[in-house]
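K.L.:
Please find one structure pasted underneath; my questions will follow.
The values are calculated or read from the model by the stated rules, or taken from the named source; none is laboratory data. Keep in mind that this is a model prediction, so the values were computed, not measured. Cβ placement follows ideal geometry from the backbone for every residue including glycine, while neighbour counts extend to all protein chains displayed. For accessibility, only protein heavy atoms count, side chains too; no ligands or nucleic acids. Shrake-Rupley method; radii C 1.70, N 1.55, O 1.52, S 1.80 Å.
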Amino acid sequence: MIGMRQAVVWMLGVAGCICMLAWSNGEALLQFTILLALMSVVLWQLRVFSPDRAHVCVLVLGDLGRSPRMTYHALSLSRHDYSVSLVGFRGSKLHKDVLCNSKIKIVPISEVAALKVGPRIFQYFTKVVVQAAQLCYILMKTGSPSYILLQNPPGLPSIAVTWLVCCIRRSNLIIDWHNYGYTIMSLTHGKQHPIVHLAKWYEKIFGRLADYSFCVTNAMKEDLRTNWHINAITLYDKPPSIFKETPLDIQHRLFMKLAEEYAPFKARTMSECSEVEKSVFTELDSRTGSVTHVQGRPALLISSTSWTEDEDFSILLRALEDFEQFINDGAQLPSLVCVITGKGPLKQYYNHLIEKLHFKHIQICTPWLEAEEYPLLLGSADLGVCLHKSSSGLDLPMKVVDMFGCCLPVCAIHFTCLHELVKHEENGLIFANSNELAEQLKMLFSDFPNVTSRLNRFRKNLQESKQLRWDESWDQTVLPVLKNP
């Protein structure tokens, strides 16, 4: 980096001036020896820290198993023969494609817990300092990558620490902007809290120090350019090849496995024939090996979440109450199995609300799925629901990207730039509140599972759209930056 080169030149210049002054004082031999020693140290450092062009560090100060975009980056890099250090918290299990990739090395970071003593601001400050020290130590141990690709948010303290390490290692810093960290903090502390203002200032100042920036929407690209003076490249989230429609036989195996732990997947009635194995959705005739849908099966509604403040699941619960009432009032609608996947801080709160609901025609379960099971369940569902409301209004929900990859129509709550992904009445529907969502569920399931229904028309539109996949998008957008720095 320029800063590192300037520092080296400055050190040599200072050493040279010292040497010349010493010569005039008759101490030439001693100072010449000092100059040679300084030059040797600098050159040795340059040799040690010379970047390895075939090595990239992918960093997220969060759970790697819940950071799919960054693991997709790692897989794409490995596909182009880069060796990858994937740095982050080891929480949720990673997909086997990452774990079994010989070019990807997992470098775990320990999540730092805040102190339980003193004022909250002191606890937070102490956590940031300790996390910064740990991150700096780990990054200095990972060799000299040509690039460090950092996810933001979270960016405190990772942007500053990574920039410092890049200066020392002569690496290039790339920030992948998923959202703004300060807007997420404002959901908890309020927009006017001093720590939110400090976080915004920090992101703006240190975000500009990156050599390259990517972001997830054109709206964010424009905001970064106009308000932050950062020139970013839009890299839309795209589904990888694992997200696709699930064949019926694989659906059945998945449903039978889930039925062992979650009651909504169990068959409502026992099969009259011992050779027929049933889940609530499918049945397998072992005599012929054929799998079919159960007659009169419920519809499978799915949503995924990290159970945080930017998703209000009470909207879905109220819509389901209305849907139940529609059936009680005589509407010809199917029963529903509603699956909400994911884990996060508010999961227990919403599970408590779900326990208070007493539905006759709707069952709800909130499993945490393995990385390999999640795309299979999306590819087996009838309708997806997204309640993600961007804290900045500038990012898009990756869950909808994954659902579209599985040709799964979506009902999504409205926010500023959602139109960049969801096309109303084409690949799904957009709603503003629980009443609108309830009416959309009623309309979409009114002739379920008729192949001529609006729900199936949306699915057909997705099937015919020939969506760009992650690998193609990455090769077109990111690879040229790496190849032509």
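K.L.:
Quick check: the distance between the Cα centres of region 221-255 and region 376-417, to the nearest angstrom?
P.N.:
Each part reduced to its Cα centre gives a spacing of 10 Å.
K.L.:
Let me ask something else. Calculate, in nm to one decimal, what residue 442 and residue 425 gain on full extension: separation in residues at 0.36 nm each, minus their alpha carbon distance.
P.N.:
4.6 nm
K.L.:
Return the distance in nm (one decimal) between the two label points of a simple spin-label model at residue 450 and residue 125, each offset 7 Å from Cα along Cα→Cβ.
P.N.:
Simple spin-label model gives 6.7 nm for this pair.
K.L.:
In the structure displayed, which of 105/399; 244/466; 204/347; 343/399 lie more than 22 Å apart, Cα to Cα?
P.N.:
Distance filter (> 22 Å) returns 105/399; 204/347.
K.L.:
I need the calculated FRET efficiency for the pair residue 483 and residue 373, taking r as the beta carbon distance and R₀ as 41 Å, to the nearest 0.05. The partial results should precede the final answer.
P.N.:
Values: r = 36 Å, r/R0 = 0.88.
In this case the efficiency is close to 0.70.
K.L.:
Still on this structure, I have one more. Say R0 is 60 Å: what FRET efficiency, to the nearest 0.05, do residue 270 and residue 229 get from their beta-carbon distance?
P.N.:
With a Förster radius of 60 Å, E is 0.35.
K.L.:
So, one more: Label-point separation (nm) for residue 457 and residue 308, each offset 7 Å from Cα along Cα-to-Cβ?
P.N.:
Inter-label distance under the simple model: 3.7 nm.
K.L.:
Now for a different question. In Å², what does the accessible area per residue of region 212-259 work out to with a 1.4 Å probe? It would help to have the intermediate numbers written out before the result.
P.N.:
Values: 2160 Å² over 48 residues.
Result: 45 Å² per residue.
K.L.:
Within region 291-311, whose backbone N sits under 12 Å from a point 7 Å along Cα→Cβ of residue 331?
P.N.:
Counting only backbone N, you get no residues.
K.L.:
Is the shape of region 427-485 best called rounded, prolate or oblate, per the rule: a/c under 1.5 gives rounded, else a/b larger than b/c gives prolate, else oblate, with a ≥ b ≥ c the square roots of the Cα gyration tensor eigenvalues?
P.N.:
Note, shape of region 427-485 comes out oblate.
K.L.:
If you take the Cα Rg of the chain and divide it by 2.2 N^0.38 Å, with N the number of residues, what do you get? Could the numbers behind the result be given before it?
P.N.:
Values: Rg = 27.1 Å, N = 485, 2.2 N^0.38 = 23.1 Å.
Expressed relative to 2.2 N^0.38 Å, the Cα Rg reads 1.17.
K.L.:
Only Cα pairs under 8 Å and at least 6 apart count here; give the relative contact order of region 298-467 as a rounded whole percent. Spell out each step's value before the answer.
P.N.:
Numbers: 265 pairs, mean separation 43.6, N = 170.
Reported as a whole number, the value is 26 percent.
K.L.:
Strictly greater than 22 Å: what percent of every Cα pair in region 298-467 meets that?
P.N.:
40 percent
K.L.:
Using only the heavy atoms of the protein chains and a 1.4 Å probe, how would 137, 147 rank by accessible area, largest first?
P.N.:
137, 147
K.L.:
Where the centre of each part is set by its Cα atoms, how far does region 103-141 sit from region 310-363, in angstrom?
P.N.:
If we compute the Cα centre of each part, the gap is 38 Å.
K.L.:
If each residue of separation counts as 0.36 nm, what is the full-extension length gain between residue 288 and residue 348 once their alpha-carbon separation is subtracted?
P.N.:
Working it through step by step, the gained length comes to 17.2 nm.
K.L.:
In addition: Assuming 0.36 nm per residue, please report the length gained on full extension of the stretch residue 359 to residue 468 beyond their Cα-Cα distance.
P.N.:
The span from residue 359 to residue 468 would gain 35.2 nm if fully extended.
K.L.:
How many Å² of accessible area per residue for region 298-467, probe 1.4 Å?
P.N.:
40 Å²
K.L.:
Residue-wise, which Karplus ³J(HN,Hα) couplings in Hz belong to region 393-399, taking 6.51 cos²θ - 1.76 cosθ + 1.60, θ = phi - 60°, and x for glycine or proline?
P.N.:
Along region 393-399, the couplings run x, 10, 10, 10, x, 5, 4 Hz.
K.L.:
Something else now. Using a 7 Å offset from the Cα along the Cα-to-Cβ direction at both residue 63 and residue 188, what is the distance between the two label points in nm, to one decimal?
P.N.:
The answer from the label model is 1.5 nm.
K.L.:
For a quick check of understanding: with a 1.4 angstrom probe and all protein chains in place, what accessible area in square angstrom does residue 126 have, to the nearest ten?
P.N.:
Rounded to the nearest 10, that gives 30 Å².
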